[in-house]
Amino acid sequence: AKLSGTKLGKYQVGERLGRGGMAEVYKAFHPTLERYVAIKILHIFLADGENFLARFQREAKAIAALDHPNIVQIYDIDIENEYYYMVMELVEGNTLKKRLAQSNAPLSLWEIVHIFRKLASALDYAHQKEMLHRDIKPANILLGKDARVVLADFGIARILSDTQFTMTGGLIGTPAYMSPEQGKGQSASPASDIYSLGILLYEMLTGKVPF
């Protein structure tokens, strides 16, 4: 992990927590506040789209305004040495993707109902704020301590929606959970998120996705 052990802004970057098609996530430390955080760094090649900087700042500000116990809290956004990054709360725990992969310990009905209700509450709140997630999938759902359920990566797909990456044929989103309209390249709506949530519920109940 090339950024581990370096400094990004006021943050001391530690171990890499994960890597996806859109970004890398690192654990970091804020020395003044003596607080550990998670830093999501968008891949540089995705920042080539026209007006990316303005869109990044606008959408990140809207995401940071979301205040719900089941949505990851954003502390800061910044740009340094061509790194576009978002600083957010560090949720210690597992992802739903890893939890579903534990075939020796399937989800109980109580867990499924608990996770689904928390996610539905988060989406209902965000949709009332006219914010869409656009990429609901098990990897974006964090299972923290005390049975906390947290939805991550809110709006990241929106930030990257007009980049060169999408214009050259890449898809922002995950096909197995993507609504039909998103798969056709049409505009997303609250119903798109609800569709993805339905796919997620199906997978939690059966252990596989329907399509």
18 Å Cα-Cα reach of Lys61 towards lysines, excluding residues that sit fewer than 8 places from it in its own chain
Lys40, Lys129
Based on the alpha-carbon gyration tensor of the range 24-88 and its eigenvalue square roots a ≥ b ≥ c, which shape applies: rounded if a/c is under 1.5, prolate if not and a/b is larger than b/c, or oblate?
oblate
Over the range 10-141, what percent of the accessible surface lies on carbon and sulfur atoms, probe 1.4 Å?
48
Note: Gln186 to Phe29 extended length (0.36 nm per residue) minus current alpha-carbon separation gives 52.5 nm
Could you give me the percent of Cα pairs per 10 Å distance bin for the range 171-211, shortest bin first, beginning at zero and ending with the bin that holds the maximum distance?
32, 53, 15
State, to one decimal in nm, how far the label point of Lys208 lies from the label point of Thr6, with both points 7 Å from Cα in the Cβ direction.
4.3
Extended-chain gain in nm, criterion 0.36 nm per residue less alpha-carbon gap, Asp76 and Arg16
19.7 nm
Probe of 1.4 angstrom, ligands and nucleic acids ignored: what's the accessible area per residue over the chain, in square angstrom?
53
Using all Cα-Cα distances in the range 1-155, what percent lands in each 5 angstrom bin from 0 up to the longest?
2, 8, 18, 21, 20, 16, 10, 5, 2, 0
Relative contact order (%) - criterion: Cα under 8 Å, at least six apart; region: the chain
17
Could I have the simple spin-label model distance between Ala105 and Arg148, label points 7 Å from Cα toward Cβ, reported in nm to one decimal?
1.9
Anything in the chain that counts as a DSSP H helix reaching 18 Å or more along its axis (C-alpha) with Kyte-Doolittle mean of at least 0.0? List them, would you?
109-128, 190-206
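The values are calculated or read from the model by the stated rules, or taken from the named source; none is laboratory data. Just so it is clear, the structure is predicted and the values come from calculations on it, not from any experiment. Cβ atoms come from the backbone with ideal geometry, glycine included; neighbour counts cover every protein chain shown. Note: accessible area is taken over every heavy atom of the protein model, side chains too, but ligands, DNA and RNA are not part of it. Shrake-Rupley method; radii C 1.70, N 1.55, O 1.52, S 1.80 Å.
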